[in-house]
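Some notes on the structure that comes next.
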Amino acid sequence: MRRYHTLIVLALAALLGFSATLSKTPSARRLEILMLGHKSEHHQSEKLTEILQQAFFKDGINISYTTDPDDLNEQTLSKYDGLMIYANYDTISATQEKALLDFVKNGKGFIPIHCASWCFRNSAEYVKMVGGQFSTHKTDTFSTVIVDKKHEILKGFTPFKTFDETYVHSKINKDVHVLTERVEGSHHEPYTWTNQYGKGRVFYTAYGHDEQTWRNPGFLKLLENGLIWAVGKKAEKELAKLPKPKPEYTAADIPNYEKRDPAPKLQAPLSAAESQLLTQVPVDFKVELFASEPDIEKPIAMAWDEKGRLWIVETIDYPNTVRENKTEGRDRIKICEDTDGDGKADKFTVFADKLNIPTSITFARGGVIVAQAPDFLFLKDTNGDDKADTREKLITGWGTFDTHAGPSNLKYGFDNHIWGTVGYAGFEGTVGGKQFDFNQSVYRFTPDGKNLEHLGTASNNTWGLGFSENNDVFVSTANNSHSDYLGILLPYLNRIGAPQMESVRKIDGHYNMHVVTKNLRQVDVFNGFTAAAGHSLYTARNFPEKYWNRIAFVNEPTGRVIHQAILQPDGSGFKEEDGWNLLASADEWMGPVQSDVGPDGAVWVSDWYNFIIQHNPTPKGFENGKGNAYVNPLRDHTRGRIYRIVYKQAKPSAITSLDKNNPAQLLNALQSDNLFWRMTAQHLIVEGGYKQLAPQLFKLVQNTSVDQTGLNAPAIHALWTLHGLGLLNGSDKETLVIAEAALRHPSAGVRKAAIQVLPAKTLTASILQEKKLNTRLAGILKIADMPASAAMGNALLAAQKLPENANDYWITRALKVAIATHVKGALAAIKAENEANETRRELANKPADKTIKIEVVKNAMKYDVKQFEAKAGSILEIEFKNPDFMQHNLLILQKGTMEKVGTAADKLAQDPNGITQNYVPKIPEVLFATKLIDPQGSVKLKFRVPDEPGDYPFICSFPGHWRIMNGVMKVTK
């Protein structure tokens, strides 16, 4: 490892705020800039912000993005050194105006760019502060003309030429200081200027209509210099003192999937301190290191026990050292403790070793359940020395042919089962006498491993799982589906013969990641989510309220980011909105693979720390390994870090440890404001069989208070705890009465929990009038479990006609499931309808004149047929098979249109509805197309060959694939 001794010393000093001897000198820190953009395709502020982030980030400048003008308030603005605006807003409110003007007047920087001079036209003072107002424009290519070459902003600046809008301004403030102008004939238009407003500095440039200017090095230099000048001398000095890691880059054999020129180089690894200096979190947060190498290595998963101790799963063998004898493995489970309270682990205990590629861990039955394909293991310490004394297999049958497609995300659920996900390696085996065969799915099982359920099927490699505090279930998949909602459990849909993938719906509302590194390396879904992992929500109360139970964290190690997915109610389900990032790094080794709320209410991050993230397909010139990952000696097997992302105003946790033998303490923890402690207390009460707590649990359920989010979380857990104790199986009347009363609780989440824990026969049709559609959905599904009733059937048929039900994706399906139970003859009719729909998706049964067989080459992203012939006007059938690990399709295109169709397909990747369209552009150049075919799937594409001879290209239109996956159909007479 290359060592940067001097830099490390400086970096540590910066992170600690320097020693007392330096306390009188300016502290070293990054600049914090807020960018106000807008939600408009004209003047794409989001894209500009990404370009500026990547250009300025390693120079110590953080840019936070917002499209909410209400962020122009004193509290928010006070956190930043400067405000940048690139947006089109016609008006500004009086409170927003005052906050903005005071912000600048009191000494902060203001950087309006281009169209910002047409913003807030109802404020004369804003126009005066900007220094002028846009009036008219045309377009042209023109060069920078320097007016004041001695100004410090223009030091090191070289004039540039660009194609841009030719702004003409009005209301130019006589006090502005012009730096550059645009010359057109005899007209000299001020184009870049500075202005003083109170104690604050204003830098304005009219440049910047689109990427033709944004990516111009001259423009970027001008803007960066102007920004640093605008924030003032004090902030500029603090930035100058900040150590700025400049890691060495060397030539290496690195896959270049994007075919970049020049090809990517290998960045030298950084220390944890240096890596933190190249990492951004929100302005009022900080990153704290908890553990790193050499104390820990390659942490692929983590969890906490009831004592608040961190347990990590280390896998040095990943990805290709797949052993026949698992006990010969080099992997471990390690307990990491902070014994002196300084926020860093100082005690490390190996709980279990001799493991081989374990991928997940959770606590149950006084021990831990560990995913180690092909098995789930149960490990337990029986003598209190923190060493596993017993090791038994719970479940066997998890696929091992691809180590990044196995089981993960083991979590203890509200229903007192263990939940998890699995990728395309899948599961095939027998549990509890039942045979299972599924992949890319969500499942659950009882803690003893004796019962397993397949709950939902996603679209590709499934690496994320998260529960809201209302017990809503979210999923992330690796490839272009970073936020999904599991709305109806698969066993319900199986009753009516509905497609398995209808159990999980893609809800993400955007395509792009927002990275701060210029050197993004991906195999597909370029600039989007190709390795999305995790979907844990913020379920404590130590972050600001906007996070509570509504922002999920999706890790993307190829982008070196932790994305914030804002989950908004959408009927009975949800939709995701882009919340940008909780963490973003320009260190090309940082690889967040898990982020979860810890016992302290902070978000803990497992950093895989590896320059090589991509698993497959195997690039040209490389070999494929036993774990189905390409073999690359650059893969690291020794580094890894655990960080805590801490809100600076967070309060200490009221709970730091629990005693499983102290029922009163567990009951108190059930009322914690942190889901971690509530869920831990719930499972310990259930496992302890503490039925004597029933009266106190009743009181929690009867508490009708709700918090700011409309939740009463202790009541929800109390209901599920009673259920786990077996008190809601119908045998205990008092418990039933308490739970039935909870159907009228003010909190919709409590009402939903009551529906789910009560025996089905206790519900009535009144549940169909539930106001909260998410809770109504739970009620309809519970009705589907009731004994058949003609009266209930009539109520369901009436409910089907209500607009809020008829227009809801999930409720329409749930009603069919319930109607199949209660309306005589409906089950057969609904099944027939589903079968007919499936048949329509297939082609008419006509004999083909010729059949061509085409398969995807596994792990190569190619077709096995590059060219075939077909007779003009004949009926051709293509039998298309996909043995690959991800979805592919096949499109036949009009002659000479591959580039046009491929470009259109790539744009669909940015459309939330693109996947429902199977990434097939709706343009006439697409002649025939299959849907996206799941791994191991196949389809027949039958069509009449065009009458005109020539070369007709065929492609896979999954975003980015068409450049590699293509061929030619030669049509002859």
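The values are calculated or read from the model by the stated rules, or taken from the named source; none is laboratory data. These numbers were taken from a predicted model, which means no experiment stands behind them. Heads up, the Cβs are rebuilt from the backbone with ideal geometry, glycines too, and the neighbour counts pull from every protein chain shown.
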Return the pairs, sorted by first residue and then second, in which the second residue is small (Gly, Ala, Ser) and part of a loop (DSSP other than H, G, I, E, B), the first residue lies in the range 402-425 and is without any contact (Cβ under 8 Å) to a residue 60 or more places away in the chain and closer than 11 Å to HIS683 by Cα, the beta carbons are less than 9 Å apart, and the residues are 6+ apart or on different chains.
ILE418/GLY449
Scanning the range 574-590 residue by residue, those closer than 26 Å to LYS752 by Cα and either in the same structural domain as ASN913 (by TED's automatic domain parsing) or surrounded by 21 or more Cβ atoms within 10 Å (Cβ to Cβ) (or both) turn out to be PHE574, GLU576
Got a number for residues in the range 885-905 being farther than 14 Å from ALA929 by Cβ and either basic (Lys, Arg) or surrounded by fewer than 23 Cβ atoms within 10 Å (Cβ to Cβ) (or both)?
5
Which condition number in (1) farther than 19 Å from ASN460 by Cβ; (2) crowded, with 19+ Cβ neighbours inside 10 Å; (3) out of contact with any Asp or Glu (no Cβ under 6 Å at 6 or more places or on another chain) is the one that GLY426 fails?
(1)
Is it the case, given these coordinates, that GLY107 is under 16 Å from THR49 (Cβ atoms), in contact (Cβ under 8 Å) with a residue 60 or more places away in the chain, among the small types (Gly, Ala, Ser) and in the same structural domain as GLU211 (by TED's automatic domain parsing)?
no
From the list ALA116, ALA124, ALA94, ALA55, which residue is modelled with pLDDT of 95 or more, aliphatic (A, V, I, L, M) and crowded, with 22+ Cβ neighbours inside 10 Å?
ALA116
Could you grab the pairs with beta carbons closer than 6 Å, sequence gap of 6+ or different chains, first residue in the range 716-737 and under 14 Å from LEU667 (Cβ atoms), second one of a type in the set (Ser, Thr, Tyr)?
LEU722/THR735
Of the criteria (1) in a loop (DSSP other than H, G, I, E, B); (2) in contact with a Ser or Thr (Cβ under 8 Å, 6 or more places away or on another chain); (3) β-branched (Val, Ile, Thr), which one ILE923 fails:
(2)
Pairs, first at positive phi in the range 565-592, second of a type in the set (Ser, Thr, Tyr) and in a strand (DSSP E or B), C-beta under 7 Å, six or more apart
TRP580/TYR65
Among the candidates GLU224, GLU152, GLU181, GLU236, single out the residue that is crowded, with 17+ Cβ neighbours inside 10 Å and either over 36 Å from the mean Cα position of the chain (by Cα) or at positive phi (or both).
GLU181
Looking at this structure, is GLU576 closer than 16 Å to ALA532 by Cβ and charged (D, E, K, R)?
yes
On the basis of being at pLDDT below 95 and either part of a loop (DSSP other than H, G, I, E, B) or touching a Cys at 6+ places or on another chain (Cβ under 6 Å) (or both), does ASP295 make the cut?
no
The correct count of residues that are touching a helix residue (DSSP H, G or I) at 6+ places or on another chain (Cβ under 7 Å), part of a strand (DSSP E or B) and over 17 Å from LYS138 (Cα atoms) in the range 155-191 is 1
Which condition breaks for PRO294 when tested against (1) over 26 Å from LYS620 (Cα atoms); (2) surrounded by 14 or more Cβ atoms within 10 Å (Cβ to Cβ)?
(2)
Selection from the range 363-398 of residues in a loop (DSSP other than H, G, I, E, B) and farther than 14 Å from GLY449 by Cβ yields GLY366, ALA373, ASP381, THR382, ASN383, GLY384, ASP385, ASP386, LYS387, ALA388, ASP389
Checked ALA405, ALA388 against criteria (more than 30 Å from PRO652 (Cβ to Cβ) and over 31 Å from the mean Cα position of the chain (by Cα)); the one match is ALA388
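Say whether the condition of being in a strand (DSSP E or B), out of contact with any His (no Cβ under 7 Å at 6 or more places or on another chain), surrounded by fewer than 19 Cβ atoms within 10 Å (Cβ to Cβ) and not acidic (Asp, Glu) is met by at least one residue in the range 946-957.
Let us first name the residues in the range 946-957 that are in a strand (DSSP E or B), namely 950-955.
Adding the requirement that they be out of contact with any His (no Cβ under 7 Å at 6 or more places or on another chain) leaves 950-955.
Keeping just the survivors that are surrounded by fewer than 19 Cβ atoms within 10 Å (Cβ to Cβ) gives 950-951.
Filter once more, keeping what is not acidic (Asp, Glu): 950.
Taking every residue of the range 946-957 in turn, at least one turns out to be in a strand (DSSP E or B), out of contact with any His (no Cβ under 7 Å at 6 or more places or on another chain), surrounded by fewer than 19 Cβ atoms within 10 Å (Cβ to Cβ) and not acidic (Asp, Glu).
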How many of the residues in the range 897-913 are without any contact (Cβ under 8 Å) to a residue 12 or more places away in the chain and either assigned to a loop (DSSP other than H, G, I, E, B) or aromatic (Phe, Trp, Tyr) (or both)?
1
Consider the range 239-267. How many of its residues are out of contact with any Leu (no Cβ under 8 Å at 6 or more places or on another chain) and buried (at least 16 other Cβ atoms within 10 Å of the Cβ)?
6
Which numbered condition in (1) in contact with a Ser or Thr (Cβ under 9 Å, 6 or more places away or on another chain); (2) hydroxyl-bearing (Ser, Thr, Tyr); (3) crowded, with 16+ Cβ neighbours inside 10 Å is the only one that THR158 fails?
(3)
Quick one: count up the residues across the range 768-820 that are of a type outside the set (D, E, K, R) and touching a residue at least 60 places away in the same chain (Cβ under 8 Å).
12
Which is under 22 Å from PRO714 (Cα atoms) and crowded, with 23+ Cβ neighbours inside 10 Å, of PRO599, PRO617?
PRO599
With respect to PHE436, is the statement that it is under 24 Å from ASP472 (Cα atoms), touching a His at 6+ places or on another chain (Cβ under 9 Å) and either at pLDDT 95 or above or assigned to a strand (DSSP E or B) (or both) true?
no
For residues that are assigned to a strand (DSSP E or B) and of a type outside the set (Val, Ile, Thr), tally how many sit in the range 341-362.
8
For the range 199-206, does any single residue satisfy the condition of being crowded, with 17+ Cβ neighbours inside 10 Å, under 20 Å from GLY131 (Cβ atoms), in contact with a Ser or Thr (Cβ under 6 Å, 6 or more places away or on another chain) and of a type in the set (A, V, I, L, M)?
no
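If you check GLY779 against the conditions, is it assigned to a helix (DSSP H, G or I), assigned by TED's automatic domain parsing to the domain that holds ALA814 and either at pLDDT 95 or above or surrounded by fewer than 24 Cβ atoms within 10 Å (Cβ to Cβ) (or both)? Before you say what the answer is, go through the steps one by one.
Numbers: assigned to a helix (DSSP H, G or I): yes; assigned by TED's automatic domain parsing to the domain that holds ALA814: yes; either at pLDDT 95 or above or surrounded by fewer than 24 Cβ atoms within 10 Å (Cβ to Cβ) (or both): yes.
Answer is yes for this residue.
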With the requirement that a residue be aliphatic (A, V, I, L, M) and surrounded by fewer than 23 Cβ atoms within 10 Å (Cβ to Cβ), what does the range 127-145 give you?
VAL127, VAL145
